[in-house]
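S.K.: I have a structure here, written as structure tokens, and I will follow up with some questions on it.
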Amino acid sequence: MNNDAIRLHHVSRRYGAGGNAVTALDQVSLSFPRGTFTAVMGPSGSGKSTLLQCAAGLDRPTSGSVTVGGTELTELSETGLTLLRRARIGFVFQAFNLLPSLTAEQNVALPLRLAGRRVPKARVREVLAQVGLGDRARHRPTEMSGGQQQRVALARALITRPEVLFGDEPTGALDSQTSHEVLALLRGMVDREGQTIIMVTHDPVAAGYADRVVFLVDGRVNGELVGAGADDIAARTTKLETGASRPQSAPTSSEALPC
Ligand SMILES: Nc1ncnc2c1ncn2[C@@H]1O[C@H](COP(=O)(O)OP(=O)(O)OP(=O)(O)O)[C@@H](O)[C@H]1O
């Protein structure tokens, strides 16, 4: 069986046409093996969100191929894409996007309800316990801290047992201690349950929880760091932001080139 949860092959995404055209992604090829945690970093406008959206089936590439566990997304209809996202993909964003009138357990059950599926109460409790909120099932978002709300959002993303969990700055609205708690949870899901996670972040400390960090510059992959700590990641991002590493330099021992 293919061991990649997601594969992008020569993916390009252009917005607009003529003189106003923007190439947000330019021939990006990347593989995300199952059970790994990848951070995506790069300067503002380098294509991180576009990469996430194309990989998650929220946006369609202009050219190239995206496969989720062997399913070619570019061949799916809109309905097919929606069904695939609902069943096989989870999302957490910087904004928690919880419904304020619903309790934690009702928020967590929402994706199943929207899909017209049965909501096993035990599963809702299980996933809330998994994020350390077993005792908060009946609380509403306003009765919870930011970190707790993000953990409810995480439980909501996990209720369907997604093959891939995408995070777009999931700790962007949290203080450093709370960020650590959420990132440690994500790390534990990869290590204990083999969850695949792909997370866009600007924060080298957050990226340090990942197994590898993929860097984008001007819509292209500009190398990656494997097993790096926050200091090395910060040094690399500073270089990218000042343009010092363009064009790409030869990889060092802890670096690997994209496949
Ligand atoms: N809907 C759109 N229409 C036109 N241009 C777009 C659109 N979405 C993104 N872009 C452009 O594509 C490029 C990549 O944008 P993207 O949001 O993917 O970058 P990013 O790395 O996520 O940026 P940031 O870190 O600032 O969020 C940018 O030049 C952006 O202006």
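S.K.: Could you grab me the full set of residues in region 1-22 that are over 15 Å from residue 53 (Cβ atoms) and either surrounded by 14 or more Cβ atoms within 10 Å (Cβ to Cβ) or within 16 Å of the ligand (Cβ to nearest atom) (or both)?
M.R.: Step one: of region 1-22, the residues over 15 Å from residue 53 (Cβ atoms) are 1-5, 7, 9-10, 16-21.
Correct list: 4, 5, 7, 9, 16, 17, 18, 19, 20, 21.
S.K.: Every residue in region 34-77 that is among the polar types (S, T, N, Q), under 20 Å from residue 170 (Cβ atoms) and within 16 Å of the ligand (Cβ to nearest atom), please.
M.R.: Within region 34-77, the subset among the polar types (S, T, N, Q) is 36, 38, 44, 46, 49-50, 53, 62-63, 65, 67, 71, 74, 77.
With under 20 Å from residue 170 (Cβ atoms) added as a condition, the list becomes 36, 38, 44, 46, 49-50, 53.
Within region 34-77, 38, 44, 46, 49, 50, 53 qualify.
S.K.: Quick check on region 166-181. Is at least one of its residues touching a strand residue (DSSP E or B) at 6+ places or on another chain (Cβ under 9 Å), within 20 Å of residue 126 (Cβ to Cβ) and either in a helix (DSSP H, G or I) or among the aliphatic types (A, V, I, L, M) (or both)?
M.R.: Looking for residues that are touching a strand residue (DSSP E or B) at 6+ places or on another chain (Cβ under 9 Å), within 20 Å of residue 126 (Cβ to Cβ) and either in a helix (DSSP H, G or I) or among the aliphatic types (A, V, I, L, M) (or both), one finds none in region 166-181, hence no.
S.K.: Could you list all residues from region 156-207 that are surrounded by fewer than 20 Cβ atoms within 10 Å (Cβ to Cβ), within 19 Å of residue 231 (Cβ to Cβ) and touching a residue at least 40 places away in the same chain (Cβ under 8 Å)?
M.R.: Answer for region 156-207, where residues must be surrounded by fewer than 20 Cβ atoms within 10 Å (Cβ to Cβ), within 19 Å of residue 231 (Cβ to Cβ) and touching a residue at least 40 places away in the same chain (Cβ under 8 Å): 187, 202.
None of the figures in this text is laboratory data; all of them are computed from the coordinates on show. All of these numbers come straight from a predicted model, not from anything done at the bench. Please note: Cβ atoms are built from the backbone with ideal geometry, for glycine as well, and neighbour counts cover all protein chains shown.
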